[in-house]
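Below is one structure, written out as structure tokens; comments come after it.
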Amino acid sequence: MLVECSAALFAEDAGTHDPDINTNWPREYGQDRFASGIDDPAGIIQAERAEVTAYCANERARRFYARHGFAAFTVTATHAL
């Protein structure tokens, strides 16, 4: 289920706003990547903050996160070379 949720987010957010992103990453690598974090006892921490990302142009995602209590913390600017 985690892989499919991640795949849906990749398709909607990155797939729409970044043509260079591999939108199949969750299905190709997600299961192993997510499982490695769960199975690693050193990876178990008590998180004090959760972070999410969304493209600036994805107003829908930004509103969704804001409704769930997330606030902007950093801004990253890019420039194509």
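Here are a few things to note about the model shown:
- Pair list, Cβ under 6 Å, 6 or more apart: region 44-73 residue under 18 Å from Asp18 (Cβ atoms), other residue surrounded by 12 or more Cβ atoms within 10 Å (Cβ to Cβ) and basic (Lys, Arg): Ala54/Arg62
- In a residue-by-residue description of region 10-20, the property of being touching a Pro at 6+ places or on another chain (Cβ under 7 Å) and surrounded by 10 or more Cβ atoms within 10 Å (Cβ to Cβ) applies to at least one position.
- As a summary of the residue check, Glu51 satisfies the conditions (1) touching a Phe, Trp or Tyr at 6+ places or on another chain (Cβ under 8 Å); (2) acidic (Asp, Glu); (3) at pLDDT 85 or above except for the one numbered (3).
- Any pair with Cβ under 6 angstrom, 6 or more apart, that starts in region 1-15 at a residue that is β-branched (Val, Ile, Thr) and ends at one that is exposed (fewer than 14 other Cβ atoms within 10 Å of the Cβ): Val3/Gln31
The values are calculated or read from the model by the stated rules, or taken from the named source; none is laboratory data. All figures in this text were calculated on a predicted structure; none of them were measured in a lab. Quick reminder, even Gly has a Cβ in these numbers, built from the backbone with ideal geometry, and neighbours come from all protein chains shown.
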